[in-house]
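Presented below is the structure to which this report refers.
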Amino acid sequence: MKTKSTAHKRTAEIDRKTAETQISLRLTIEGGGKYKVSTGIRFFDHMLELFTRHGAFDLELTCKGDLDVDQHHTVEDVGIALGEAFDRALGDKKGIMRAGYFLMPMDETLGISAVDLSGRVSSVIDTKVKTRLVGDLQSELVEDFFEGFARGARANVHLKTMYGRSNHHKVEALFKAFARALRFACMRDAQLGDMLPSTKGLL
């Protein structure tokens with residue numbers, strides 16, 4: 001595990017191995033939307049790719065999970081590892097915006113996301129997806145991914161589909177909204193400088 005923070009780019013590397021998944025992850029917050037993702041679940045890969053592009057991050061992620069058992073371990077553990085990567089790349093969090101939100105239209109669908117890198121774990125997710133599968137992804141696991149991210153990043157993550165018809169669009173709108181909300185939360189605030197965005201003295 002490596003972490004690097006410079007005046008220009010904040011990066012993290014995570015290698016996470018359990019009896020259920022093996023994850024290798026490289027993240028750059030100040031990236032160019034470049035991705036190389038492989039989890040064995042193609043729709044999940046697509047969501048992570050557009051998350052990377054809309055967040056303007058760089059992400060290399062490989063996960064080999066026990067998909068012969070179920071998709072749950074793969075999706076949840078990727079969420080945890082990705083959250084941990086952001087937490088480590090942000091370091092002491094001094095001078096960051098800390099919180100962000102975004103409303104994302106996806107054709108007939110509207111998704112909303114709010115993120116607070118508060119050091120406290122909480123997540124509220126409402127996808128309004130009614131089908132068992134979206135593409136090849138078990139739709140109930142969308143919630144597990146974002147809950148895992150909240151745990152790994154020590155963050156508040158709120159996501160809600162306001163309305164929509166297409167289940168594909170509902171999930172995609174949430175991933176895009178989340179990426180853009182997180183992008184803003186990670187931004188450095190010139191007005192704050194090196195000040196911690198908390199009166200507690202700790203995030």
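The values are calculated or read from the model by the stated rules, or taken from the named source; none is laboratory data. Please read these numbers as outputs of a predicted model, since none were measured by experiment. Note that each Cβ is placed from the backbone with ideal geometry, even for glycine, and that neighbours are counted across all protein chains shown. Ligands, DNA and RNA are stripped out before the accessible areas are found, and what is left, the full protein with its side chains, is counted by its heavy atoms. Shrake-Rupley method; radii C 1.70, N 1.55, O 1.52, S 1.80 Å.
Structure above, values below:
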{"item": "Ranked order, Ser122, Ser139 - accessible area, probe 1.4 Å, largest first", "result": "Ser122, Ser139"}
{"item": "GluC sites (Glu not before Pro) within segment 123-203: DSSP coil, no more than 16 neighbouring Cβ in 10 Å", "result": "Glu140"}
{"item": "Residues of type lysines that Lys64 reaches as a straight line, Cα spacing below 16 Å, ignoring anything fewer than 8 places off in the same chain", "result": "Lys17, Lys36"}
{"item": "Relative contact order (percent, whole number), the chain, Cα cutoff 8 Å, 6+ residue spacing", "result": "24"}
{"item": "Principal semi-axes in Å for segment 1-89 [√(5λ), Cα gyration tensor, largest first]", "result": "23, 15, 8"}
{"item": "Charge-dipole axis of segment 69-203 as Lys and Arg at +1 and Asp and Glu at -1 on Cβ define it, positive-most pick from Ala185, Met195, Ile96", "result": "Met195"}
{"item": "Percent of C-alpha pairs per 5 Å bin, the chain, short to long", "result": "1, 8, 16, 22, 21, 16, 9, 4, 2, 0, 0"}
{"item": "In segment 22-127, the trypsin sites (Lys or Arg not before Pro) that fall in loop regions by DSSP, at most 12 other Cβ within 10 Å", "result": "Arg120"}
{"item": "Under 20 Å between alpha carbons - lysine pairs in segment 127-203 that sit 8 or more apart or on different chains", "result": "8"}
{"item": "Spread of Cα-to-Cα distances over 5 Å intervals beginning at zero, given as percent, for segment 83-203", "result": "2, 13, 21, 22, 17, 12, 7, 4, 2, 0"}
